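Student: This is the structure I have questions about; it appears just below.
Every number here is computed from the coordinates shown, using simple stated rules; none is lab data. Just so we're clear, the structure is a prediction, and the values are computed from it rather than from any experiment. Here the Cβ positions follow ideal geometry from the backbone for every residue, glycine too, while neighbour counts run over all protein chains shown.
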Amino acid sequence: MVKNGTRFESQVCDTQVIVIAAADSLDDLRCGGAPMIAVGGEKDAGATLNEAFADGAVLGKRYVDADGAEVLVTKAGKGSLSVGDTLLVFKESKALPSSD
C-alpha cells in the first residue's frame, strides 16, 4: 500500500504528485494512462501519452477519488491523473468564513 508523503512522477509527461491521503486504490495510480513511478525511478521507454487521459494536471491542486485517496500536484503536466481508468477529480476548496 502507498503511504502518505510518497512522491510519484509520470512516465509520459512532466507531472509529479505527493500523496496526501493514502488508500489502496493508489496502487494503480496513473497519469496520461501510464502507471506513475516513484520520483527518480526508471521510466519505461515505450510508455506514451493516451489521448483519452491528456487533459492535464494543474499545479497546486488536490485530486481525490471515491475511496478517499488524495494527491497534490507538485509539478504540472499534460497527462490526467487516474486510478485505473477512473479519472481523479479536483478537491473543492472550502469557503473561508467572512470576517466582520
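Student: Looking only at ALA21, ALA69, ALA52, which one moves most when the chain is put into a Gaussian network model with springs between Cα atoms under 10 Å?
Tutor: The residue with the greatest mean-square fluctuation here is ALA52.
Student: Just the Kirkwood number for the chain, please: inverse of mean 1/r across all distinct Cα pairs, in Å, one decimal.
Tutor: Numbers: mean 1/r = 0.0738 Å⁻¹.
Over the chain, the inverse of the mean reciprocal pair distance is 13.5 Å.
Student: Specify whether the C-alpha gyration tensor of region 1-49 places it in the rounded, prolate or oblate class, a ≥ b ≥ c being the square roots of the eigenvalues: rounded for a/c under 1.5, otherwise prolate if a/b is larger than b/c and oblate if not. Spell out each step's value before the answer.
Tutor: On the way: a/c = 2.15, a/b = 1.76, b/c = 1.22.
Prolate, because a/c is 1.5 or more and a/b exceeds b/c.
Student: Oh, and also: Give me the Debye-computed log₁₀ of I(q)/I(0) at q = 0.29, 0.30 Å⁻¹ for region 54-100, equal point scatterers on Cα only, no solvent, two decimals.
Tutor: -1.13, -1.18
Student: When the chain is modelled as a GNM with alpha-carbon springs shorter than 10 Å, which of GLU70, GLU51, GLU42 fluctuates the most?
Tutor: GLU42
Student: Using a Gaussian network for the chain with springs between C-alpha atoms less than 10 Å apart, which of these wobbles most: GLY41, GLY79, GLY56?
Tutor: In the Gaussian network model the winner is GLY41.
Student: On full extension of the chain, what length is gained from ASP85 through ALA54, given 0.36 nm per residue of separation minus the C-alpha to C-alpha distance? Display every interim value, and only then the final one.
Tutor: Values: separation 31, 0.36 × 31 = 11.16 nm, distance 1.27 nm.
Length gained between ASP85 and ALA54: 9.9 nm.
Student: By the scheme Lys and Arg +1, Asp and Glu -1, what is the net charge of all other residues having a beta-carbon under 10 Å from that of ASP14?
Tutor: Working: positive: LYS75, LYS78; negative: GLU9.
Once all neighbours under 10 Å are counted, the net charge is +1.
Student: Which Cα, out of SER98, VAL39, MET1, lies furthest along the positive dipole direction of the chain (beta carbon charges, K/R +1, D/E -1)?
Tutor: SER98
Student: Want the number for ALA76 to ALA95: 0.36 nm per residue separation, take away the alpha-carbon distance, what's left? All intermediate terms of the calculation are to be shown ahead of the outcome.
Tutor: Details: separation 19, 0.36 × 19 = 6.84 nm, distance 2.45 nm.
Full-extension gain reported as 4.4 nm.
Student: Would you mind working out the magnitude of the charge dipole of region 1-88 relative to its Cα centre, with +1 at each Lys and Arg C-beta and -1 at each Asp and Glu C-beta, to the nearest 20 Debye? Could you put the intermediate results ahead of the total?
Tutor: Values: 8 positive and 13 negative charges, 79 e Å.
Using Cβ point charges on Lys, Arg, Asp and Glu, region 1-88 gives about 380 debye.
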